[in-house]
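Visitor: Please see the structure below; I have some questions.
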Amino acid sequence: MELSRRMVIFAVVAVLVGTSILACAAPAITPTTPATTTPTPTTSALTAPAPIAENPQKQAVNPAAEAPTYGGALTYQAGDSLGFDESFSQTTNTNHLTNSTLLTGDWAKGPAGTGETDWQFGIVGQVSLYTGDLATGWEVSLPDTLIFHLRKGVKWQNKPPVNGREFTADDVVYTLNRIYIEGKEFAVNGAYTDAAGLAKSIKALDKYTVEVKIAPERFGNMLNWMGAYTHILPREVFEKYGDMKDWRNSEGTGPFMLKDYVPGSSTTFVRNPDYFMNDPLHPENRLPYLDSVRWLNIPDKSTEQAAFRTGKLDRMTGVSFEDQALFMKQRPELKYTEKLNSAPMPGGRQDKKELPFKDIRVRQALNMAVDKQKILDLYYGGHGVLFAEPVPPTLTHAKLFTPLNEQPAAVQELFTYNPEKARQLLTEAGYPNGFKTEIITTAANIDFLAIVREDLLKVGVDMVIKPLEAGAYNSQWKNLTFPQMMTVGAYQWNYASSMATFAPGSDNPTFFNYDKSDELVNEAYKIVPANVGINEVLWQKTLKELYPHILEQASMIWMPAYYSYTMWWPWVGNYRGELNVGYSESRRFLQYIWVDGALKKSMGY
């Protein structure tokens, strides 16, 4: 079967999604640690990984500092918000701009500053990349206490019913109680089925200090969840309206204010004149720089591309390598950066004894039967890397990544096309003639899986492809009702916070192939969650040492990672392709960038 020339770009399924963030007027905040508490260890700043031949992580952007310019309106495509109150919907994207968190990613440590991280994948558990947002620092007192020290002088947006009053510890207590004791946040409950039991007590020690008591067994990752995932909300809105479902009730301390929302069409924000944060690289400048931000809901990709090509959109993400090349040919003045994405990986159920995937020899055989280099070279046009699991070779993951040539021989073998060895392993496992199976997927993956199927047929494995519409696919994935195989967008051992979020033995679909008897995995599950936010060196070492074992288990048919591209016009200032500046914030980088209207006009747009 000839490889399809129609390249399909796939979305990454990840526990940590989103992007965005703020920065401080002061230098980066580090945890304060009284002598009576156990300190939050700090680690040395991340440095770039050694050059990796497979992935130079090119960036067609000059990282030199730019002179800040106030003003401009930024417009780009963004999916429609499905709600404005996190109690009822996880897709409350507007909160990332209108409401602040206690902690945030440090913009000054990204490509605009010291270059310690690329801010494309978030902090992935690295608390050393945090700085203060509404908090100025924190303390960790083991085994069960978190203390947040709050910023003074912060004002809520000046609109009823809060009317610009000062932000205090009572606001933090109200929000955290609402979510972590009452369990009233959809997003948190999506990961924790018992969100109401995450905290034992939350109280204000004074006007600017909050103490949180957490059950010791749930302590891991709570600095991330409470500090950098949870948007702080004002009590008055809920007392007056009951909830924040109506966009008009949006109220926060964030860099932008929600001005208008047209369902299914557009969302418009304007600059919050009372925003408290200064630019960490230009501390004399109060943020945000932009006058306004407008999201347009454009489901059709060709329409989005046309709008970007004609300058009606200022920025575009998820651009395929084919479209990126065409854009650059037509508009060579465009700027861009690359981002690695996981290809869809087929995996078979190991929890059903009657299926062949229970046998590790079968799983390893399937890996050796697929010519992954061919997929990278022909299907992705060479725009990617062969080896990017469980973490990709990026600056974000520098302390976790081990190159393929340094992996154990058993791991290297899984990325080497060897159908003869695959047939041998299948025979040893009791399948000398192969077997027939089926895989559920979405329509977008059919061409890709057809290539995989062609390789598997050569060793006697007939993988029947069963595409489902998105709703049915997601239902089978979430409820673990798929019969035999399915595609997963990204294997989730790459985030320490994933292991901290999902308890050992969890039936969360992200880990549907997790062998609950695996002693090495179980031990890591004890170490990593207990040390996220506490001992960065230890949890990173634990994960890095676990990854070869995870790879050798071959729970998926490991696939290459492909590049997608973020592109923007030159008039978008101070932007270098950042996508996730923090833990799980998507768009909080917007307060640092600006639109140069004069340049845009001079370019004829």
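Visitor: With a 1.4 Å probe and all protein chains left in place, how much accessible area per residue does the stretch 194-254 have, in Å²?
Guide: 37 Å²
Visitor: Where in the stretch 281-322 is the amide nitrogen less than 16 Å from a point lying 7 Å along the Cα-to-Cβ axis of ALA443?
Guide: Those under the cut-off are 299-302.
Visitor: May I ask you to compute the full-extension gain from THR481 to ASN297, defined as 0.36 nm times their residue separation minus their alpha-carbon distance, rounded to one decimal in nm?
Guide: Going from the current span to full extension adds 63.0 nm.
Visitor: Hey, another quick one. Keeping every protein chain present and rolling a 1.4 Å probe, give me the accessible area per residue for the stretch 304-352 in Å².
Guide: Per residue, the stretch 304-352 has an accessible area of 36 Å².
Visitor: To continue, here is another question. How long is the gain from LYS526 to PHE88 if the chain were fully straight, where each residue apart is worth 0.36 nm and the alpha carbon distance is subtracted?
Guide: Between LYS526 and PHE88, full extension yields 154.5 nm more.
Visitor: Students sometimes get this wrong: rank GLU236, GLU519 by accessible area, probe 1.4 Å, all chains present, largest first.
Guide: I get GLU519, GLU236, largest accessible area first.
Visitor: Further question on the same structure: On full extension of the chain, what length is gained from GLU406 through ALA450, given 0.36 nm per residue of separation minus the C-alpha to C-alpha distance?
Guide: Answer, rounded to one decimal: 12.7 nm.
Visitor: I've got another one for you. Provide, in order from the shortest bin, the percent of all Cα-Cα pairs of the stretch 253-365 in each 10 Å bin, continuing until the bin that contains the maximum pair distance.
Guide: Over the stretch 253-365, the share of Cα pairs per 10 Å bin runs 10, 23, 23, 20, 13, 10, 1 percent.
Visitor: Follow-up. Using a 7 Å offset from the Cα along the Cα-to-Cβ direction at both LYS329 and LYS358, what is the distance between the two label points in nm, to one decimal?
Guide: In this crude label model, LYS329 to LYS358 measures out at 5.3 nm.
Visitor: Which FRET efficiency value, to the nearest 0.05, do you get for ASN177 and THR427 by plugging their Cβ-Cβ distance into 1/(1 + (r/R0)^6) with R0 = 51 Å?
Guide: Computed FRET efficiency for ASN177 and THR427 comes out at 0.25.
Visitor: Using a Förster distance of 60 Å, how high is the FRET efficiency between SER602 and SER201, based on the Cβ-Cβ distance and rounded to 0.05?
Guide: 0.55
The values are calculated or read from the model by the stated rules, or taken from the named source; none is laboratory data. Small disclaimer: the values here were computed from a predicted structure and weren't measured. Using ideal geometry, Cβ is built from the backbone for each residue, glycine included, and neighbour counts are taken over all protein chains shown. Heavy atoms of the whole protein, side chains included, go into the accessibility calculation; ligands, DNA and RNA do not. Shrake-Rupley method; radii C 1.70, N 1.55, O 1.52, S 1.80 Å.
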